[in-house]
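A short write-up of the structure that comes next.
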Amino acid sequence: MKTLLFALLCATPTVVTMAQQVMETGGQQPMPASWIDSKTHHKVVRLTNLPGSNASFYFHNNPFIGNKMVFYNTGEAGKQIYTVDLSTLKTEQVTQQASPMNGEIAAPKGRNVFYQIKDSVFSTNIDTKKTELRFVFPADFKGSITTLNADETLLGGAWSTDAEKAISKANPEKHDYFGKIYDAHLPRTLFVIDLRTRSLRKIFSDSAWLNHVQFSSTDPSLLMFCHEGPWHKVDRIWTIDINTKKVRLMHKRTVDMEIAGHEFFSPDGKTIWFDLQQPRSVTFYLGGVDVKTLKERKYSLDRNEWSIHYTTDVKQQLFAGDGGNPGQVAKAPDGEWIYLFRPEGDKFVSEKLVGMQHHNYKLEPNVHFSPDGKWIIFRANFEGVQEVYAVEIANNATAHN
């Protein structure tokens, strides 16, 4: 598979010259198309260049179809879905929708993207650009899709009440609505949509804020969800077998003020990884639980290494995190970095990849490993507008100093 590095080597002489510049990331606006971070000596490349705001996917949503990355641009054409070829950096517009859309669902086997406009679910093929209406929610059940199963036959998501939607509308900031929705204990329902029969099936309901709905990366019948709310008050991470309806708690809190969250499936589907603090804001780990045996393991991090989100490569030999500013739960004095982590015994050994001191962490970077495993992709606003970047895992100190 061709890589981003290949794209840079085959670029114009101007871009190659820019790629050799050693600069503080975000130290000027705009930055060149690529540069060497002066604090870490890792190469950073801007993947998006469209006018407007360019948004990569949330950390647990797969954005890759082959060697193309799916992303959103909000520009003159409104909010539309695009792809960028990671070999050539060529960008293509995928959708041509007049109405606002939501949904971050890539289907790599069918080479489609799924999204929702009001009560209607669509798919668009990234190659042919053919768009198809796949489902319309009934008037009495306006759900929201968030995930696609491993064999690409089922979409999953959650339904919420009009009362909950009213709370969100009246309290648009997270710090305002978060506690209010949790305290309301309004009912939510998990559902799946069969793409073959275009039928909806309700699978689980509770008077709890069911959220972060994710299908297993390998098991088409296993769905993960969370009990959302203040993390120290909830046993958050759960799975359900959509056929048997068996519900299982994946991690139970064991100490006062313990929190576990921002959960995600490993690429092989065998492990659910999550941010673990025992207790909150004091001791930091990346925890992992075996989805079959419930056996747990954890890797310790120091306060500055704590990250809002984590991710792992295909072999689970490398992990990455997007750091955090002093206002986050870890209250880290020097945590504004994109990190690479290597497991060593029961702890992580970290390497700083990008200095994020000029980034406003109200925008969460949301890290992803590139398909070839050689780059970490993230979003940032250190140029004054939201863009998507990739940092090379290999260190360039020898080559560029």
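The values are calculated or read from the model by the stated rules, or taken from the named source; none is laboratory data. Keep in mind that what you see is a predicted model, and the values were worked out from it rather than measured. When we count neighbours, we look across all protein chains shown, and the Cβ atoms used for this are built from the backbone with ideal geometry, even at glycine. The area values use the complete protein model at the heavy-atom level, side chains included, leaving out ligands, DNA and RNA. Shrake-Rupley method; radii C 1.70, N 1.55, O 1.52, S 1.80 Å.
Descriptive notes on the structure:
- Of all residues making up the stretch 283-336, the number that are touching a residue at least 24 places away in the same chain (Cβ under 8 Å), surrounded by fewer than 18 Cβ atoms within 10 Å (Cβ to Cβ) and in contact with a Pro (Cβ under 7 Å, 6 or more places away or on another chain): 2
- Residue among 280, 248 that is modelled with pLDDT of 95 or more, open to solvent by 30 Å² or more (accessible area, probe 1.4 Å), assigned to a strand (DSSP E or B) and farther than 30 Å from residue 372 by Cβ: 248
- Filtered residues of the stretch 49-59 (kept if surrounded by 23 or more Cβ atoms within 10 Å (Cβ to Cβ) and assigned to a loop (DSSP other than H, G, I, E, B)): 56
- Restricting the stretch 211-221 to residues that are of a type outside the set (S, T, N, Q) and touching a strand residue (DSSP E or B) at 6+ places or on another chain (Cβ under 6 Å) leaves a set whose member that is nearest to residue 313 (Cα to Cα) is 215.
- Pairs, first closer than 22 Å to residue 375 by Cα in the stretch 74-93, second modelled with pLDDT under 95, C-beta under 7 Å, six or more apart: 86/4; 87/2; 87/6; 87/7; 88/7; 89/7
- Among (1) open to solvent by 20 Å² or more (accessible area, probe 1.4 Å); (2) under 13 Å from residue 107 (Cβ atoms) - the single one residue 128 does not satisfy: (2)
- Filter result (open to solvent by 50 Å² or more (accessible area, probe 1.4 Å) and among the acidic types (Asp, Glu)) within the stretch 251-277: 256, 268
- Among the residues of the stretch 121-129, some residue qualifies, meaning at least one is within 22 Å of residue 93 (Cβ to Cβ), of a type in the set (S, T, N, Q), in a loop (DSSP other than H, G, I, E, B) and modelled with pLDDT of 95 or more.
- Pairs with Cβ under 6 Å, 6+ apart, first in the stretch 234-262 and within 17 Å of residue 291 (Cα to Cα), second among the charged types (D, E, K, R) and part of a strand (DSSP E or B): 237/263; 239/248; 261/275; 262/275
- Enumeration of residues in the stretch 286-308 that are in contact with a Phe, Trp or Tyr (Cβ under 6 Å, 6 or more places away or on another chain) and assigned to a strand (DSSP E or B): 286, 287, 288, 298, 299, 300, 301
- Residues that are among the hydrophobic types (A, V, I, L, M, F, W, C) and either under 26 Å from residue 213 (Cβ atoms) or surrounded by 21 or more Cβ atoms within 10 Å (Cβ to Cβ) (or both) within the stretch 25-48 comprise 31, 35, 36, 44, 45, 47, listed in sequence order.
- Looking across the stretch 342-384, the residues that are within 16 Å of residue 332 (Cβ to Cβ), open to solvent by less than 10 Å² (accessible area, probe 1.4 Å) and either under 15 Å from the mean Cα position of the chain (by Cα) or among the hydroxyl-bearing types (Ser, Thr, Tyr) (or both) come down to 361, 365.
- Pairing residues of the stretch 42-60 that are closer than 11 Å to residue 84 by Cβ and of a type outside the set (A, V, I, L, M, F, W, C) with residues that are modelled with pLDDT under 95 and open to solvent by 20 Å² or more (accessible area, probe 1.4 Å), at Cβ distances under 9 Å and at least 6 apart in sequence or on separate chains, gives 54/75.
- Test: residue in the stretch 165-176 that is of a type outside the set (D, E, K, R) and part of a loop (DSSP other than H, G, I, E, B): yes
- Qualifying residue in the stretch 85-98 (condition: part of a strand (DSSP E or B), over 20 Å from residue 118 (Cα atoms) and open to solvent by less than 20 Å² (accessible area, probe 1.4 Å)): no
- Restricting attention to the stretch 204-242, the residues that are among the aromatic types (Phe, Trp, Tyr), under 24 Å from residue 62 (Cα atoms) and open to solvent by 30 Å² or more (accessible area, probe 1.4 Å) total 1.
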